[in-house]
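Worksheet: one structure, shown below.
The values are calculated or read from the model by the stated rules, or taken from the named source; none is laboratory data. Only a predicted model underlies this, so the values are computations on that prediction, with no experimental measurement involved. Counting neighbours? That spans all protein chains shown, and the Cβs are built from the backbone with ideal geometry, glycine included. These accessible areas exclude ligands, DNA and RNA; they are computed on the full protein's heavy atoms, side chains included. Shrake-Rupley method; radii C 1.70, N 1.55, O 1.52, S 1.80 Å.
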Amino acid sequence: VLQISKDDVTALQCKVVCLIQNGNFKEALSVINTHTRVLTSDIIAFEKAYCEYRLNRIESALKTIQSASQQTDKLKELYGQVLYRLERYDDCLAAYRDLIRNSQDEYEEERKTNLSAVVAAQSTWEKVMPEDLGLREATYELCYNSACALIGQGKLNEAMKKLQKAEAFFLFALIFLQDVTEEDIEAELAIIHGQMAYIMQLQGRTEDALQLYNQIIKLKPTDIGLLAVIANNIITINKDQNVFDSKKKVKLTNAEGVEHKLSKKQLQAIEFNKALLAMYTNQADQCRKLSASLQSQSPEHLLPVLIQAAQLCREKQHAKAVGLLQDFADQHPANAAEIKLTMAQLKIAQGSVTKACMILRSIEELQHKPGMVSALVTMYSHEEDIDSAIEVFTQAIQWYQQFQARTNHGCCVFQPKSPVHLSLIREAANFKLKHGRKKEAISDLEELWKQNPKDVHTLAQLISAYSLVDPEKAKVLSKHLPSSDTMSLKVDVDALENSHGATYVRKKAGKLTADNQQKEQGQGDVKKKKKKKKGKLPKNYDPKVTPDPERWLPMRERSYYRGRKKGKKKDQVGKGTQGSTTAGSSELDASRTASSPPTSPRPGSAAAVSATSNVIPPRHQKPAGAPATKKKQQQKKKKGAKGGW
């Protein structure tokens, strides 16, 4: 048709649609652009925008949709997808709501799924509390998106249950699907399992998460976005350990086209981790290059400058790191507090505690916070600078007083102080009392007692402080102390002494008989004497013989010890150097005895056998004393054989 008529609108439209169906988006877009005179935006706006969307030209697709004179349902659907890719979630949510409200067809379930995906993205990336849209979780996609929204809210246990429900829905849906391959099943389950592993990682179950991540990677899913996210999460688990495995996983995050599959915050997190990995692997130049690139993309972001400072500290350039942080704090006052906290940490690491305190006190928005006050007082106490510590307390208390005056609008009516304010006053008073500043602690204690006149502990501290400054005032205040009768505590002493944690336990008195009671009454205060047991004497004790005075000493330390007597030397049979003979060896040689028979009798000589029948052969000869030793051995065996084998 086009050979006959090159500008046939219907033929050109058919050609564009065929190219789109075959995935030739570039060729389809070129056909549209070469026939702009015939294929106007009113005729082929959707096809052009769709080709630009698939070629990741999102901004161009948005312009094409907005330039169309008539907004059809197809264009509205594509408009919602484009807004989602541009991360304009509020506009995207409004577009899908309008679509669901004004359309009725078989694609309603898909629109609800997309709507839930937008809500999940808002909860995850913008930390927006999602509103209840009333979507019935009838499919595994809706369950999965609901789980993602719960993760954004920090409800991890509920999110895990939703993911398990989504997996069950998917497996149940496979019964009714016939043309689904194993690869499709593994791909869908990999997404669900990857999110489960992420929840485990957030819960601190890093071993379980790592095992599940590695199982997904072994399946080799085709979704490059999923692989990049899993590889990044494994790198965060490894941290500065298992660096070689992390370097392998980084390659998965560099796959072609991965930037079109992930959100901006996901891509930014991956780049941050690449810079940290370069720092851990001592690639200083690469670390600087990556962090500088990140800082140029997000000038107000804290992480790039913190990574650069950490790299300088690894190179022992602490002063340069502090200077870098100071410059960033001057340029971005909104983030100065966190930067100055890092600077103070570096000064403490260098041992400059006083300079660290000066940096912390320069953070005006944190000066009155109890945590900051506690840190400064502790550091000044470590440096034995008590005056500066008291000054920190004073400034914090004054801030709360001014804040209360502003909130009361100059009202003169007595107003109770806030719990934080009272806590600071009490800590200041205790600190001053601890370091002997009782005069300075009096005003704080009076303020506390004024707030709570029934506080006996504060009153006692106040009296103790006044006793050194104004004894008369102490006497006057002591009248406010409660009497001893009101102070007596109802304590069961017996129960307290017999309790489990008592160091002293009273022994229970035994039952006394009538005779014992009479004896005790008769003896009065006479103490009973304990009877000494007689020592046991040995059986061979002779009272006429005086005992050995050295019997308590060991035998070797006694004066009459002469050592053990050595027994007679026995014949050294078989001793000496190899090949040597002893004096008694000839006696043991049976071949030299006259009565020894031949080793083997000659065959057929019966007379010789009968003649030597009374002679015992050498093998059967026994040395003298052998029977006795055998008896001893048998006796020993009998003694030890009672238990059996």
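With the cut-off at 24 Å, tell me which of the pairs Lys26/Lys264; Lys439/Lys473; Lys274/Lys347; Lys63/Lys264 have Cα atoms farther apart than that. Correct reply: Lys26/Lys264; Lys274/Lys347.
The Cα atoms of region 277-406 give a gyration tensor whose axes a ≥ b ≥ c have a/c of 1.5 or more with a/b no greater than b/c, which makes the shape oblate. Shown is the FRET efficiency for Lys251 and Gln404, computed with R0 = 56 Å from the Cβ-Cβ distance and rounded to the nearest 0.05: 0.40. For region 95-138, the set of GluC sites (Glu not before Pro) satisfying both a DSSP loop assignment and a count of at most 16 other C-beta atoms within 10 Å is given as Glu106, Glu126, Glu131. Using C-alpha pairs under 8 Å with a sequence gap of at least 6, the mean separation divided by the residue count of region 9-113 gives a relative contact order of 18 percent.
Sorted largest first by accessible area at a 1.4 angstrom probe radius, with every protein chain in place, the residues His318, His480, His421 fall in the order His480, His318, His421.
With a cut-off of 11 Å between beta carbons, the residues surrounding Glu186 carry a summed charge of -3, where Lys and Arg count +1 and Asp and Glu -1. Annotation for region 219-317: trypsin sites (Lys or Arg not before Pro) lying in DSSP loop with at most 14 further Cβ atoms inside 10 Å of their Cβ are Lys239, Lys316.
Each 10 Å bin from zero holds the following percent of Cα-Cα pairs in region 172-242: 20, 47, 24, 8, 1.
Scattering from region 91-161 was approximated by placing one identical point on each alpha carbon and applying the Debye formula without solvent; log10 I(q)/I(0) at 0.26 1/Å stands at -1.21. Residues in region 217-261 near a label at Ala187, defined as backbone nitrogen under 17 Å from the 7 Å Cα→Cβ point? Inside the label zone: 217-229, 256-258, 260-261. Once the chain from Leu481 to Gln350 is taken as fully extended at 0.36 nm per residue, the excess over their C-alpha distance is 42.1 nm. Listed by chain and number, the aspartates and glutamates placed with their C-alpha closer than 17 angstrom to that of Lys112 are Asp73, Glu77, Asp90, Asp91, Asp98, Glu131, Asp132, Glu137, Glu141; residues fewer than eight positions away on the same chain are left out.
Return the aspartates and glutamates within reach of Lys220: Cα separation strictly under 14 angstrom, same-chain partners fewer than 8 residues apart disregarded; answer none if there are no such residues. The reachable aspartates and glutamates, counting only those whose Cα sits under 14 Å from Lys220, are Glu182, Glu183, Asp184, Glu186, Glu188. Pairs from the list Lys127/Lys265; Lys15/Lys74; Lys355/Lys438; Lys48/Lys74; Lys316/Lys340 with a Cα-Cα gap above 22 Å: Lys355/Lys438. With the simple spin-label model, which puts each label point 7 Å out from Cα in the Cβ direction, the Arg556 to Glu446 separation comes to 8.0 nm. With each label modelled as a point 7 angstrom along the Cα→C-beta vector, the Asn33-Tyr107 pair spans 2.6 nm.
Surface composition of region 9-113: carbon plus sulfur atoms hold 45% of the accessible area, using a 1.4 angstrom probe and ignoring ligands, DNA and RNA.
For Ser246, what charge total do you get from the other residues with a beta carbon under 15 Å from its beta carbon, if Lys and Arg give +1 and Asp and Glu give -1? Neighbour charge sum, excluding Ser246 itself: +3.
Strictly greater than 20 Å: what percent of every Cα pair in region 255-343 meets that? The share of Cα pairs beyond 20 Å in region 255-343 comes to 37 percent. Placing dummy labels 7 Å off each Cα toward the beta-carbon, the span from Leu422 to Leu366 is 2.8 nm.
Applying D = kT/(6 pi eta Rh) to region 9-113, where Rh is the Kirkwood radius over alpha-carbon pairs, T corresponds to 25 °C and eta to 0.890 mPa s, the Stokes-Einstein value obtained is 171 µm²/s.
Positive contributions from Lys and Arg (+1) and negative ones from Asp and Glu (-1), summed over other residues with Cβ under 11 Å from the Cβ of Glu52, come out at +3. For Tyr144, the solvent-accessible surface with a 1.4 Å probe is about 50 Å², rounded to the nearest 10.
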